[in-house]
Amino acid sequence: MLYWDITSNTIKKACEFVYRYNIPESIRSYKGAIVFWRGSNEQYPRKSVALLKKYLPAVIDVEIEYMGHGQYLHEHSDEYVSKLIEYLQS
């Protein structure tokens, strides 16, 4: 749990939303840049990005080897922040 006050109910709702793989048609009208970072040890994000690419073919899929959910952020924080800043400034 990333936030101290987050409840298990909030996490459950978020997981139910994410794992349903229902993407609204309105997302097709989004014109901004999208980068999808995920660990190679994660199965659900692999499926999620594949589905997103059907709607948003320009999605940039970045797979970080040997990482699980949130692991890159926690174990390589400086590198993560540097790459995030670089992406946001591009």
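Computed from the coordinates by the stated procedures, all read-outs in this text should not be read as laboratory data. What you see is a predicted model; the values in this text were computed from it and never measured. Counting neighbours? That spans all protein chains shown, and the Cβs are built from the backbone with ideal geometry, glycine included.
For P(r) over Cα pairs in 5 Å bins from 0, in percent, several values are listed as (i) 3, 14, 23, 26, 20, 11, 2, 0; (ii) 2, 11, 16, 15, 13, 15, 10, 4, 4, 4, 3, 2, 1, 0; (iii) 3, 11, 17, 21, 22, 18, 7, 0; flag the one computed from this structure.
Recomputing P(r) over Cα pairs in 5 Å bins from 0, in percent here gives the entry labelled (iii).
Would you mind checking which residues have amide H under 5 Å from residue 62's amide H? H placed 1.01 Å from N; only 5 or more apart, or other chain.
36, 37, 38
Ordered by residue, what ³J(HN,Hα) values in Hz, to whole numbers, does region 58-65 give under the Karplus form 6.51 cos²θ - 1.76 cosθ + 1.60, where θ = phi - 60° and Gly and Pro are x?
Going residue by residue, I get 7, 4, 9, 9, 10, 9, 9, 4 Hz, with x marking Gly and Pro.
When the helix-only estimate is applied to the chain (DSSP H runs of n ≥ 4, each -39,500 (n - 2.57), divided by the residue count), what is the mean residue ellipticity at 222 nm, nearest 500 deg cm²/dmol? Don't skip to the answer; put the middle values down first.
Numbers: 4 runs with 42 residues, N = 90.
Value at 222 nm, helices only, nearest 500: -14000 deg cm²/dmol.
Given R₀ = 30 Å, what would the calculated FRET efficiency be for residue 66 paired with residue 5, taking r from the Cβ atoms and rounding to 0.05? Intermediate values should be presented prior to the final figure.
Numbers: r = 31 Å, r/R0 = 1.04.
Computed FRET efficiency for residue 66 and residue 5 comes out at 0.45.
Provide the net charge surrounding residue 6, with neighbours chosen by a C-beta distance below 13 Å and charges set as Lys +1, Arg +1, Asp -1, Glu -1. Before the final figure, lay out the partial values.
Numbers: positive: 12, 13; negative: 5.
Summing Lys/Arg as +1 and Asp/Glu as -1 gives +1.
Quote the FRET efficiency, to the nearest 0.05, computed for residue 81 versus residue 25 with a Förster distance R0 of 41 Å and r equal to the Cβ-Cβ distance. It would help to have the intermediate numbers written out before the result.
Numbers: r = 34 Å, r/R0 = 0.84.
Computed FRET efficiency for residue 81 and residue 25 comes out at 0.75.
Through the Karplus equation 6.51 cos²θ - 1.76 cosθ + 1.60, θ set to phi - 60°, convert the phi angles of region 26-43 into ³J(HN,Hα) values in whole Hz; use x for Gly and Pro.
4, 5, 4, 7, 5, 10, x, 7, 9, 10, 10, 8, 8, x, 5, 8, 10, 8
Taking θ = phi - 60°, what integer Hz values does the Karplus form 6.51 cos²θ - 1.76 cosθ + 1.60 yield along region 48-57, in sequence order, with x for Gly and Pro?
With coefficients 6.51, -1.76 and 1.60, one gets 4, 5, 5, 5, 4, 4, 5, 9, 10, x Hz.
For a quick check of your reading of the filter: which chymotrypsin sites (Phe, Trp or Tyr not before Pro) in the chain sit in a DSSP loop and have no more than 10 other Cβ atoms within 10 Å?
Values: sites: 3, 4, 17, 19, 21, 30, 36, 37, 55, 66, 72, 80, 87; in loops: 3, 4, 21, 30, 66.
In loop regions of the chain (DSSP not H, G, I, E or B), the sparsely surrounded chymotrypsin sites (Phe, Trp or Tyr not before Pro) are 3, 4, 66.
May I ask for the net charge around residue 67, where only other residues with Cβ less than 10 Å from the Cβ of residue 67 are counted and Lys, Arg are +1 while Asp, Glu are -1?
Spelling it out: positives minus negatives among the neighbours equals -3.
For residue 90 and residue 13, FRET efficiency with R0 = 41 Å and r from the beta-carbon atoms, rounded to 0.05? Walk me through the numbers on the way to the answer.
Values: r = 33 Å, r/R0 = 0.81.
It comes out at approximately 0.80.
Can you give the longest run of the chain that contains no trypsin sites (Lys or Arg not before Pro) sitting in a DSSP loop with at most 11 other Cβ atoms inside 10 Å?
32-90
Out of region 32-90, which GluC sites (Glu not before Pro) are coil in DSSP terms and have no more than 13 other C-beta atoms within 10 Å? Can you show the working numbers first?
Values: sites: 42, 63, 65, 75, 79, 86; in loops: 42, 65.
Those satisfying the criteria are 65.
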